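The values are calculated or read from the model by the stated rules, or taken from the named source; none is laboratory data. As the structure is a computational prediction, the values presented were derived from the model and not from experiment. Cβ sites come from the backbone with ideal geometry, for glycine too, and all protein chains shown count toward neighbours. When the accessible area is computed, the model is the full protein with side chains, heavy atoms only, and any ligands, DNA or RNA have been set aside. Shrake-Rupley method; radii C 1.70, N 1.55, O 1.52, S 1.80 Å.
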Amino acid sequence: MNLEEYISSGIIENYILGLTSSKESQSVETMAAMYPEIRDVITSYQKTMDEYGNLHAVQPPASLKPHILNAIRRERQSAVTSAKKIKPKENTLFRALHTWKRIAAAAILLLIASVVLNSIYISKYQKSEDRYTDLVRSHQLLVTRNQTIETRLEEVEKNMQVLLNPAMRHVVMKGVDKYPGMVATVYWDPQSRSAYLATTNLPVPPAGKAYQLWAIVDGKPVDMGMYNPAKEKGPIAMKNVISGQVQAFAITLEKQGGSPTPTMDQMYVIGKI
Amino acid sequence: MSIQTTYSEQQLVALLKQGEENAYCYLYDHYGAVLYGVILQIVNRQEVAEDILQEVFLKIYHNIDHYEDSKGRLYTWLLRITRNTAIDTLRSRDFRQSQKIQTLDNGVNDNTTETSSLPYVDHLGLDKVLSALNEDQRKVIDLAYFNGFTQEEIAQELNLPLGTVKTRVRNALIKLRKLLNIS
């Protein structure tokens, strides 16, 4: 489905009125994130509905606003005071005692209190230390994960850019007679003369061997760089073709590090532009 | 206590979650009239509507922590709370009884919840829009927007196949957007 078809399918309007399933809503949000055109449509409809809602708006009496704000304030204060209410009661027993007794009693109480508090604090301290270590660990985990995701996102964005470039030609290389069913694709941009290799089903090469991409330029093979299907995925930027008319692309199996000219009987796939 | 600043929806939600009074003030200034309008659409009585609006704001205060912007716009959430509160009131026994008494006092009139009899709405703008939208288009919009119906519920209410509801929603919104001059 192209963009116009998507926009005219009605899904966006139903989304705006809250009529889409959560799956459909997600798809709309994804499309909006990708295409500014869709974002614009959504915004204009949101404005429409806000405006429609505003037409139904009725100014409440002016006295209502302070009334409501007061009610919220009361609610908040009662939440705060109920939290404060639990305070220790003053003990009036002390006042009746003589000074030295008071001091002694106070000292003993202080001692007991201090012992109790200490043990409470120690256990609290240990607990928070444990939790702190846990938090640091999970934080590091998140940071690492985030970095991985960022890197992958960057990759995906780069790949999208490559694929969305309208000048990009799409050259499918098919297996030669010896290797039927094999396939690899080159994205070739004749303007910038750059090439990307993607979606191959070539097998993992034997030890000491590697695949090499060639461009056939004015009848002669030109090295475009090495490729290892075990290590690389997605559109891989290959070497640029400096000059000449590119007629075809091909992949051969060569020794590790590549060869100056292709070994013709080791050709796996070839595709003409 | 007037607020000049504007908040993004996210900022506003964060401040509401902190219980910031200014944020509630801002919320009232921006959404109070629309929510009040919606309540009037449902209960059609001013003094009851005022109580409901207050209840709605207290509910917002107590429930804002449950709101997540990933699940939809704040406006949609506010609208849902408002609608539910108003409908609950409408169904409560107290309301029904007081409604009965009022009907006795006033003679016939005033018993319906028909939107057309609302005295407080900005009739000029609304009437112009409503008369240009056809009845069917207005119904799908209102059922979805004010009553929170699902596609299936609308289909049932209007006795239409689901597919027709979908296309009608699209046409209605396109027309409404044009009528409101939104680019």
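Looking only at residues of segment A:239-258 that are open to solvent by 20 Å² or more (accessible area, probe 1.4 Å) and out of contact with any Lys or Arg (no Cβ under 9 Å at 6 or more places or on another chain), we find that the one that is farthest from A:Met160 (Cα to Cα) is A:Gly257. Scanning segment B:35-63 for residues being aliphatic (A, V, I, L, M) and open to solvent by 10 Å² or more (accessible area, probe 1.4 Å) gives a total of 3.
For residues that are under 33 Å from the mean Cα position of the chain (by Cα) and among the β-branched types (Val, Ile, Thr), scanning just segment A:193-238, find the one that is surrounded by the most Cβ atoms within 10 Å (Cβ to Cβ). Ranking the qualifying residues of segment A:193-238, first place goes to A:Thr200.
Cβ separations smaller than 6 Å between residues 6+ apart or across chains give the following pairs from segment A:48-60 residues that are among the charged types (D, E, K, R) to residues that are open to solvent by 20 Å² or more (accessible area, probe 1.4 Å): A:Glu51/B:Leu180. If we scan segment A:122-132, do we find a residue that is over 26 Å from A:Lys272 (Cα atoms), open to solvent by less than 90 Å² (accessible area, probe 1.4 Å), of a type outside the set (Asp, Glu) and part of a loop (DSSP other than H, G, I, E, B)? Looking for residues that are over 26 Å from A:Lys272 (Cα atoms), open to solvent by less than 90 Å² (accessible area, probe 1.4 Å), of a type outside the set (Asp, Glu) and part of a loop (DSSP other than H, G, I, E, B), one finds none in segment A:122-132, hence no. Residues that are among the small types (Gly, Ala, Ser) and without any contact (Cβ under 8 Å) to a residue 40 or more places away in the chain were ranked within segment B:128-146; the one that is surrounded by the fewest Cβ atoms within 10 Å (Cβ to Cβ) is B:Ser131.
For segment B:28-86, a residue qualifies if it is outside any helix (DSSP H, G or I) and facing chain A (nearest Cβ under 10 Å), and the qualifying residues are B:Gly72, B:Arg73.
For (1) open to solvent by less than 80 Å² (accessible area, probe 1.4 Å); (2) more than 10 Å from chain B (Cβ to nearest Cβ); (3) not in a helix (DSSP H, G or I), each residue gets a yes or a no:
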position: A:Ser27; (1), (2), (3): yes, yes, no
position: A:Lys47; (1), (2), (3): no, no, no
position: A:Glu51; (1), (2), (3): yes, no, no
position: A:Ala57; (1), (2), (3): yes, no, yes
position: A:His67; (1), (2), (3): no, no, no
position: A:Gln77; (1), (2), (3): no, yes, no
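Kindly provide the set of residues from segment B:147-183 that are under 27 Å from B:Asn84 (Cβ atoms), more than 8 Å from chain A (Cβ to nearest Cβ) and either without any contact (Cβ under 8 Å) to a residue 24 or more places away in the chain or not in a helix (DSSP H, G or I) (or both), ordered by number. Across segment B:147-183, the qualifying residues are B:Asn147, B:Phe149, B:Glu152, B:Glu153, B:Ala155, B:Gln156, B:Glu157, B:Leu158, B:Asn159, B:Leu160, B:Leu162.
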